[in-house]
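Below is one structure, written out as structure tokens, with a few remarks after it.
The values are calculated or read from the model by the stated rules, or taken from the named source; none is laboratory data. Remember, predicted model here, so these are calculated numbers, not experimental data. Glycine also receives a Cβ, built like all others from the backbone with ideal geometry; neighbour counts cover every protein chain displayed. Ligands, DNA and RNA are stripped out before the accessible areas are found, and what is left, the full protein with its side chains, is counted by its heavy atoms. Shrake-Rupley method; radii C 1.70, N 1.55, O 1.52, S 1.80 Å.
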Amino acid sequence: MAPAVAQPAAAARKLTSPQTSALYAVILFLIVLSAQQVNRATLASSKALTIVGGFIGALLFLLALTFFSNMQEAMGARSGWGVVFLSLFIATVAAASVHGVCATTCILFSAGLLFEVQRVSAAAYPSADAKKKN
């Protein structure tokens, strides 16, 4: 019997395809949205919980952005600001169905998440301009 050959760490760590990532994002989006809507009376019951409801809306924004971006990548198109605003609109409507303050805090938390996603993306995928500066 031949000995098992160890694969390099990079080959063993395989990234998911855009289609799989989009599927995971939409499933998680539906789970989080369902949980938010089931608990909407609780989330609207106090000031602190309305802020939590806004953060849940921001998570919906992140999941919707992941879904739309991965679907566009799978189709060979580039994602742009349209996907960001569509995702923000969907998340804000979902948060507004809980409480008006949830919608406002959803927009604020989403802006923070978008900044962090852009920062991580820039670090993970440096552009040609950033390579020329170094």
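Tabulated data
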{"item": "Test: residue in segment 11-23 that is hydrophobic (A, V, I, L, M, F, W, C), surrounded by 10 or more Cβ atoms within 10 Å (Cβ to Cβ), modelled with pLDDT of 90 or more and closer than 26 Å to Ser121 by Cα", "result": "yes"}
{"item": "Test set (1) open to solvent by 70 Å² or more (accessible area, probe 1.4 Å); (2) modelled with pLDDT under 95; (3) of a type in the set (A, V, I, L, M); (4) in contact with a helix residue (DSSP H, G or I) (Cβ under 6 Å, 6 or more places away or on another chain) - Ile51 fails condition number", "result": "(2)"}
{"item": "Restricting segment 59-79 to residues that are part of a helix (DSSP H, G or I) and of a type in the set (Ser, Thr, Tyr), the residue that is most open to solvent (accessible area, probe 1.4 Å)", "result": "Thr66"}
{"item": "Every residue from segment 87-129 that is in a helix (DSSP H, G or I), over 17 Å from Arg40 (Cβ atoms) and small (Gly, Ala, Ser)", "result": "Ser87, Ser110, Ala111, Gly112, Ser121, Ala122, Ala123, Ala124, Ala128"}
{"item": "Long-range neighbours under 8 Å by Cβ, at least six apart or interchain, first residue surrounded by 12 or more Cβ atoms within 10 Å (Cβ to Cβ) within segment 27-46, second assigned to a helix (DSSP H, G or I) and of a type in the set (S, T, N, Q)", "result": "Leu43/Gln36; Leu43/Thr50; Ala44/Thr50"}
{"item": "Test result for Ser21, polar (S, T, N, Q), without any contact (Cβ under 8 Å) to a residue 40 or more places away in the chain and either farther than 14 Å from Ala94 by Cβ or in a helix (DSSP H, G or I) (or both)", "result": "no"}
